[in-house]
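Student: Encoded as structure tokens, here's the structure I'll be asking about.
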Amino acid sequence: MDVDLPTGTRVVYPKPPMTPLKDVDAAIRFALNHPENSEPLYAMLKPGMKVTIAIDDISLPLPPMQRPDIRERVLTIVLDLLTDHGVEDVEMIIATSFHRRMRDWEVRHMVGDKIMDRFWPKKLYNHDAEAPDGLTLIGTTDEGEVVEINRRAAESDLIIYVNLNFVPMDGGHKSVTVGLCGYKTLAAHHNPRTMRNCWSYMDPPKSELNTSIERQGRLLQKKKRIFTIETTINNRMFDRPLDFLGKNEDDLSGRERASLRALKLALDKTPQGMRQAIFDKFPAPYGVTGVWAGETEAVHKHTMKRSYDQYLVPVTGQADILVTGVPNISPYNVHAYLNPLLVQVMVNGYLFNLYKNAPMLKKGGTMIALHPCTDKFDNDQHAPYIEFVHRLLPETRDGMELHKRFEKKFASNPAYIEMYRSGHAYHPAHAFFMWYWGEAGRQHTGRVIIVGADNEYIPRLMGWETARTMDEALRMARTTAPPRPDILALHIAPMMMVEMHPERAPKSLVSASEPPPSFR
């Protein structure tokens, strides 16, 4: 959709991709041999020990990475090291938590042919959070948070985690503690109360979600030996012939402008399923920008810094109106349609939270998002979402009520559990988590206006308004905005974040950009 924004609108563009490492394999070996706050990996190994390697799942990066995926490169070197030191009892678990099981061809793309053919499916498999006797209780934190993880990992002499860090909320203690856990552990922080007390998901020290996970992770590390390997990538999401999509439109050459017009014209005439298939055929040519290994928190400090170096764009002054498109892909719909619940996650959750320091939007401001909001779901991946949206949301949108009245019974639905365990569906509780993910955005934002919706029912169900055009949406937004509203627009993708520096303002506005009391 082409839109004209008013003169004076500030458009935030992503930073250009950082220069990748020249020799990735050498960087991996250096990290393993010179770890952060830990002895080298080889010094931890001895013949006869039991080792479990956990690996990030398909939820990141977005879109998937061109082969070889960095996880394949790390695994190849780690497995060779284990073999050299006589470690034969090795299993690899994809840390799916309550996400869907990865398909065999998706796993092959991630780990490569050699590892796939050697280990799949008996020694390389998806985590199953509902397997009978599949979890081991590690303990309970001082705050009463239960910590239980995959039994195989819990019974191992060493857990190695291989992480691909895509956004600042990933990695760290979240990797093992969430990736290999069950419902009791997730319930400690994947709830509306915790999510409402997150100043920004992408600013972990100010996120109650992260604070809870860190308590669990520190308890786990007291009981189990964990060696963390984290990697970062740049934001080069588009390869030829689509690389012009990552540029500022003002910088496009004549040929690139013609290509953009032709692409838009073609996509406008292409059925949705075919459009999805086209973009699925173009994995991203990300470049690896960093590799660190060792003790989890020491490693994650480096990961966070490199991630912020790539993503943070400094901006001064919060907006009255925030305008954004909605990408067709999220962490939860890889190779599937972005259904209405996930549109909500993107708008109220991820896009709203792409900031550090302070929200992009003033308290009570208006978000304008562009998306068709089609009432469409993938029956294999998102079957539980359908009932959540069409049966539960009409009763209440209040996260606390949903949590109290419906979550536990819904989460134990045997049919949905079986689809999660033997099919490729998300766990039924995941539908609730997706709604809770939008809690912070819903509490802060005054209005959400959707431009381009093909129906009014879904936006209304989400608590949103609709407009046929951007001009109409801006007129609507101005009815509750100051006389000369400050408008901020995000150019996504590639991936980026805003480092917000609020302007000095009257006390009534400054207070709106202060963090919750627990974070002051």
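Student: Could you pull out the trypsin sites (Lys or Arg not before Pro) across region 403-485 that fall in loop regions by DSSP (anything but H, G, I, E, B) with no more than 11 other Cβ atoms inside 10 Å?
Tutor: Sparse-neighbourhood loop trypsin sites (Lys or Arg not before Pro): ARG468.
Student: Let me ask something else. Do any trypsin sites (Lys or Arg not before Pro) in region 251-310 lie in a loop, going by DSSP, with at most 16 other beta-carbon atoms within 10 Å of their beta carbon, and if so which? Let's see the in-between values first.
Tutor: On the way: sites: ARG255, ARG257, ARG261, LYS264, LYS269, ARG275, LYS281, LYS301, LYS305, ARG306; in loops: LYS269, LYS281.
Listed in order of number, the matching sites are LYS269, LYS281.
Student: For the chain, what is the calculated [θ] at 222 nm in deg cm²/dmol (nearest 500), taking -39500 (n - 2.57) for each run of four or more DSSP H residues and dividing by its residue count?
Tutor: So the calculated ellipticity at 222 nm is -9500 deg cm²/dmol.
Student: GLU148's amide H: which non-local residues (gap 5+, or another chain) put their own amide H closer than 5 Å, with H modeled 1.01 Å from N in plane and none for Pro or chain starts?
Tutor: ILE138, GLY182, THR185
Student: Just tell me, in residue order, which DSSP H segments of the chain are both 18 angstrom or longer along the helix axis (alpha-carbon based) and at least -1.0 in mean Kyte-Doolittle hydropathy.
Tutor: In the chain, the long hydrophobic H runs are 70-84, 254-268.
Student: Another question about this same structure. For Cα Rg over 2.2 N^0.38 Å, which listed value, (i) 1.15; (ii) 1.29; (iii) 0.96, comes from the coordinates shown?
Tutor: (iii)
Student: Could you list, in their original order, any pairs among LYS174/LYS301; LYS362/LYS404; LYS363/LYS404; LYS376/LYS409 whose Cα atoms are separated by more than 21 Å?
Tutor: Long pairs (Cα-Cα over 21 Å): LYS362/LYS404; LYS363/LYS404; LYS376/LYS409.
Student: Continuing with this model, one more query. Looking at region 1-152, how many pairs of lysines come closer than 19 Å at the Cα, when each pair is eight or more places apart or spans two chains?
Tutor: Number of lysine pairs found: 4.
Student: Tell me, how many Å apart are the Cα centres for region 377-446 and for region 447-487?
Tutor: For region 377-446 versus region 447-487, the Cα centre distance is 26 Å.
Each reported figure results from applying straightforward, stated rules to the coordinates on display, with no laboratory input. Every value quoted in this text rests on a predicted model; they were computed, and no experiment measured them. Note that we place each Cβ from the backbone using ideal geometry, even for glycine, and neighbour counts take in every protein chain shown.
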